[in-house]
Amino acid sequence: MKREITIPTSHPRFVSLMSRKKIVEGYKNGLVALEGLIAHGRGECFDYLIGEHSIESARSAADAAAAQMLISSYPIISVNGNVAALCSDLICALHRSIKKSMLEINLFYYSKDRESKIYSELAKYGVSEVFGTNPENLVKIPELESNRRLVDGDGIFRADTVFVPLEDGDRTLALRKMNKKIITVDLNPISRTSMTADITIVDNIIRAIPLLIDRIQYHQKNSTERELQRIIKSHDNKKGLQDALLTMNKVRENIIQ
Ligand code: PTJ
């Protein structure tokens, strides 16, 4: 007899187990690369170490990220397989919260089939215009060898700010060399992306996007452009990463005592 596995909502790690389920189902449905399962496991490990909640420095980074997206003339949100499987709904809500923003699918482990499935997933949440899927529009980011070098000429290539959650390294640096502002969400504070981005939110993407939307809505109602510029200027990315590492160390100390 085939037994359906259900996760009881009372389980202390319900949210984490549901994310795991989404990633596995995402893989089975062709959204997530096989390597995406490994990337998720790495993220889970760091999430454990920060206590599976949004730490203060992540909240402050989300505030700076919201300000950065709002002052940008053309912010682009880059979507990969893991992001699509975990939170297409939230990503589309983020896109809707900033009128000038656009979405672009950009895959490290590229396949046409996965790209189409990610597009259909985003379409479920009412988004029809997504960059990155028209081969005739693709251009190369200079000095980058991976698949991620191919970006849409009307999307990431033209953007002034690029949001690259769950990224894998060298593209962040290449985009910064093109004078773009880079925002990321990465649970690993010592990844190359975390250390290279202008603004790193060290948090689980499923918590970080709601934080970001909340700050965007707050600033849209309450903040002047000057105030937004001040928030961005006072953001210290290195300090945020150090703070995340200190939090991880404190959690470890508390358990060992
Ligand atoms: O769909 P593709 O082909 O574009 O591939 C996507 C993955 C994620 C497989 C690809 O970008 C990759 O290999 O990424 P990395 O190098 O493993 O980096 C992903 C980073 O995201 C790691 O530092 C993880 O710790 C972090 N991460 C994983 N899950 C989460 C996360 N950060 C925040 N929230 C998560 N849920």
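The values are calculated or read from the model by the stated rules, or taken from the named source; none is laboratory data. As the structure is a computational prediction, the values presented were derived from the model and not from experiment. Counting neighbours? That spans all protein chains shown, and the Cβs are built from the backbone with ideal geometry, glycine included. The area values use the complete protein model at the heavy-atom level, side chains included, leaving out ligands, DNA and RNA. Shrake-Rupley method; radii C 1.70, N 1.55, O 1.52, S 1.80 Å.
Things worth noting here:
- Filter result (modelled with pLDDT under 95 and either within 11 Å of the ligand (Cβ to nearest atom) or in contact with a Lys or Arg (Cβ under 8 Å, 6 or more places away or on another chain) (or both)) within region 30-49: Leu49
- Residues of region 70-113 classified as away from the ligand (no atom under 12 Å from the Cβ) and among the small types (Gly, Ala, Ser), total: 6
- Test: residue in region 153-174 that is in contact with a Pro (Cβ under 6 Å, 6 or more places away or on another chain) and farther than 20 Å from Lys238 by Cβ: no
- Top-ranked residue in region 140-162 [being farther than 14 Å from Leu107 by Cβ and not in a loop (DSSP other than H, G, I, E, B); ranked as nearest to the ligand (Cβ to nearest atom)]: Val162
- Test: residue in region 73-83 that is free of Cβ contacts under 8 Å to residues at least 60 places away in the same chain and open to solvent by 40 Å² or more (accessible area, probe 1.4 Å): no
- Considering residues of region 136-159 that are within 26 Å of Leu70 (Cα to Cα) and acidic (Asp, Glu) only, the residue nearest to the chain's Cα centre (by Cα): Asp152
- Subset of region 1-31 (residues that are touching a residue at least 60 places away in the same chain (Cβ under 8 Å) and at negative phi): Val15, Ser19, Lys22, Ile23, Glu25, Gly26, Asn29, Leu31
- Flag for Thr172 being modelled with pLDDT of 95 or more and farther than 17 Å from Ser97 by Cα: no
- Meeting the requirement of 3 or more residues that are within 13 Å of the ligand (Cβ to nearest atom) and open to solvent by 10 Å² or more (accessible area, probe 1.4 Å), the helices (runs of 4 or more DSSP H) wholly within region 172-257 are 192-196, 205-222.
- Reported count of residues in region 50-82, each being under 15 Å from the mean Cα position of the chain (by Cα), within 27 Å of Asn254 (Cα to Cα) and not aliphatic (A, V, I, L, M), is 2.
- Test: residue in region 121-132 that is within 16 Å of the ligand (Cβ to nearest atom) and at pLDDT below 95: no
- Tabulated pairs, region 160-177, first more than 21 Å from Met69 (Cβ to Cβ), second modelled with pLDDT of 90 or more and not in a helix (DSSP H, G or I), C-beta under 8 angstrom, 6+ apart or interchain: Asp168/Phe108; Gly169/Ser191
- Test for Leu70: is it open to solvent by 20 Å² or more (accessible area, probe 1.4 Å) and under 24 Å from Val151 (Cα atoms): yes
- Sole exception among (1) within 13 Å of the ligand (Cβ to nearest atom); (2) open to solvent by 70 Å² or more (accessible area, probe 1.4 Å) for Thr6, by number: (1)
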